[in-house]
Amino acid sequence: MSEIFKNIPEIKFEGKDSTNPLAFKHYDADRVIMGKKMSEHLPFAMAWWHNLCATGTDMFGSGTADKSFGTEKGTMEHAKAKVDAGFEFMQKLGIKYFCFHDVDLVPEAEDIKETNRRLDEISDYILEKMKGTDIKCLWGTANMFSNPRFMNGAGSTNSVDVYAFAAAQIKKALDLTVKLGGRGYVFWGGREGYETLLNTDVKFEQENIAKLMHMAVDYGRSIGFEGDFYIEPKPKEPMKHQYDFDAATAIGFLRQYGLDKDFKMNIEANHATLAGHTFQHDLRISAINGMLGSIDANQGDTLLGWDTDEFPFDVYEATKCMYEVLKNGGLTGGLNFDSKNRRPSYTVEDMFYAFILGMDTFALGLIKAAELIEDGRIDEFVKEKYSSWNTEIGQKIRNNKTTLEELFHYAEEIGAPELPGSGRQEYLEAVFNNILFK
Ligand code: XUL
Ligand code: CO
């Protein structure tokens, strides 16, 4: 088959002094950091939807980028051309994983039976492509938000027939994920929420979402899926309010409905910021609950109130992210670039520049996060900050060996506590900069 990205060579590591836009400056796949290769720390994935499908269409105008790959859109020939393009793209960049929605792979037919036949055909084609490469599926998912039938949600819909249709899509998407050896399966509840509480039975809807997830787990395990299920929290957009608002909310939901053993979080940077948190916050909340599974790597724009899905270039944020990932002992999932080129960046070169930027940003983040940990000043400070808990009374509290009365007497004895030690935020921020610009 002929080359699609003709003027693009294989992207190689050239080092930080390189000015070649088609080379990595920091991502050196085989470089070992804290005992592991960069490529293992950073299981990058290509999102089928943004990279192979999206053309830059927005609310005010049609697409600017040509993603027909020389074929007619809406055909199986086009679906296959996207597979060819995707694999050439990933191979040229050294990306080892991809993520997909069912309808990213093939055009949806009028009838689900025909859609599923198309999905069988394309997944056979992808499997064939995977042979002889080390490219694998990171995660699959079902798009249960674009079609008008999902206007009131999928798991949360008022229509039992739409609910059954969503279940059928999930079953098929799980079949595909298992067929392609996927490490995970994602639920992003884009329409699982409400526009107004005046017409919404929240309890009923949340119970039904949980039932759908339980059925998905039961079915997935029955066909040999051993990976993690993920909730990808997002507070809003497209709905006014989405139930999986942020990591803390989603974790609470999973625990309430007994789903926490099978599910972890897929944290997306721009979703966390839309929830009014930092990216690092949602990573930390997931990690301390043993639920940091995978990441959708992108960044938002603080001046805009929607999900801009930009390719990450903020090294501070990437460093904080990789700091959390390293402290978590890595990810069971990966780093999926759920990111898209800006509408005016419509050329093939831009597709490559975007991934080079994202991969280099995270490589730098990894290098700097490892340096921060090896430097030790931050860890040391945090340890010292809580050192009063190493006293006898502190240990009694930690080990549940005291009472409110005992603390009452203790407080009476000390009279008034001294002020706690300084938080030293500015000192720590200076340490951060010191490492970043070393
Ligand atoms: C939407 C989003 C989705 C999910 C998968 O904001 O992030 O693309 O990642 O459905
Ligand atoms: Co996402």
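The values are calculated or read from the model by the stated rules, or taken from the named source; none is laboratory data. What you are looking at is a predicted structure, and each value in this text was computed from that prediction instead of being measured. Using ideal geometry, Cβ is built from the backbone for each residue, glycine included, and neighbour counts are taken over all protein chains shown. Keep in mind that these areas ignore ligands, DNA and RNA; they rest on the heavy atoms of the full protein, side chains included. Shrake-Rupley method; radii C 1.70, N 1.55, O 1.52, S 1.80 Å.
Per residue, how much accessible area does the chain have with a 1.4 Å probe, in Å²? Provide the component values of the computation, followed by the final result.
Values: 21370 Å² over 438 residues.
Per residue, the chain has an accessible area of 49 Å².
222 nm [θ] for the chain, helices only, -39500 (n - 2.57) per DSSP H run of 4+, per residue, to 500?
Numbers: 15 runs with 192 residues, N = 438.
Calculated at 222 nm, the ellipticity per residue is -14000 deg cm²/dmol.
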| Ordered by packing density, taken as the mean number of other Cβ atoms within 10 Å over each peptide's residues, highest first, how do 99-106, 420-427 rank? | 99-106, 420-427
| said: Residues of region 152-185 with backbone nitrogen within less than 11 Å of a virtual label 7 Å along the Cα-to-Cβ line of I112, please, listed as ranges. | reply: 161-173
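For the pair E128 and L304, what calculated FRET efficiency results from E = 1/(1 + (r/R0)^6), where r is the Cβ-Cβ distance and R0 = 41 Å, to the nearest 0.05? Don't skip to the answer; put the middle values down first.
Working: r = 42 Å, r/R0 = 1.01.
FRET efficiency, L304 to E128: 0.50.
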| message | List the aspartates and glutamates whose Cα sits under 19 Å from the Cα of K37, skipping any in the same chain fewer than 8 residues away. | response | E14, D28, D134, E324, D360, E371, E374
| remark: Mean separation of Cα contacts under 8 Å (at least 6 apart) over the residue count of the chain, i.e. the relative contact order in percent, is 15
| Under a straight-distance cross-link criterion of Cα-Cα below 16 Å, which lysines are reachable from K73, leaving out those fewer than 8 residues away in the same chain? | K82
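With the full set of protein chains in place, find how many percent of the accessible area of the chain is carbon and sulfur; take the probe as 1.4 Å. Walk me through the intermediate numbers first.
Working: 11430 of 21370 Å².
Carbon with sulfur: 53 percent of the solvent-accessible area.
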| message | I want to check a number: in region 297-438, how many lysine pairs have alpha carbons closer than 22 Å, given a sequence separation of 8 or more or different chains? | response | 13
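Using 0.36 nm per residue of separation minus the Cα-Cα distance, give me the extension gain between T403 and S62 in nm, one decimal.
Details: separation 341, 0.36 × 341 = 122.76 nm, distance 6.60 nm.
Computed gain between T403 and S62 is 116.2 nm.
How would you classify region 76-173 from its alpha-carbon gyration tensor, with a ≥ b ≥ c the square roots of the eigenvalues: rounded for a/c under 1.5, else prolate if a/b is greater than b/c, otherwise oblate? Walk me through the numbers on the way to the answer.
Numbers: a/c = 2.65, a/b = 2.04, b/c = 1.30.
Here region 76-173 falls in the prolate category.
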| field | Cα centre as origin, Lys/Arg/Asp/Glu Cβ charges: the chain dipole, Debye | value | 620
| Most mobile of W389, W48, W188 per a Gaussian network model of the chain (Cα springs, under 10 Å)? | W389
| field | Cβ-based charge dipole, region 12-375, positive-most Cα from H26, T302, T332 | value | T332
| message | If you average the alpha carbon positions of region 303-377 and of region 154-225, how far apart do those two centres end up, in angstrom? | response | 29
| said: I need the GluC sites (Glu not before Pro) found in region 41-130, filtered to DSSP loop residues with at most 15 other beta carbons within 10 Å of theirs. | reply: E72, E110
| query | Charges only on Cβ, +1 for Lys and Arg, -1 for Asp and Glu: so what's the dipole of region 73-154 about the Cα centre, in debye to the nearest 20? | reply | 280
| message | Connecting C-alpha atoms closer than 10 Å in a GNM of the chain, tell me which of V83, V325, V32 has the biggest fluctuation. | response | V32
| What spacing in nm lies between the two simple spin-label points modelled at D375 and Y353, each 7 Å away from Cα in the Cβ direction? | 3.1
| message | I need the shape label for region 187-322. Rule: rounded when a/c is under 1.5, else prolate if a/b > b/c, else oblate, with a, b, c from the alpha carbon gyration tensor. | response | oblate
| Top positive-direction residue, dipole computed over the chain with Cβ charges, set W389, T200, T71 | T71
| message | Expected output is a single nm value to one decimal: the length gained when fully extending between H241 and L198, i.e. 0.36 nm times separation in residues minus the C-alpha distance. What is it? | response | 14.2 nm
| DSSP beta bridge pairing in the chain, given as percent antiparallel to the nearest 5 | 20
| field | Shape of the chain, Cα gyration tensor, a/c cut at 1.5 | value | oblate
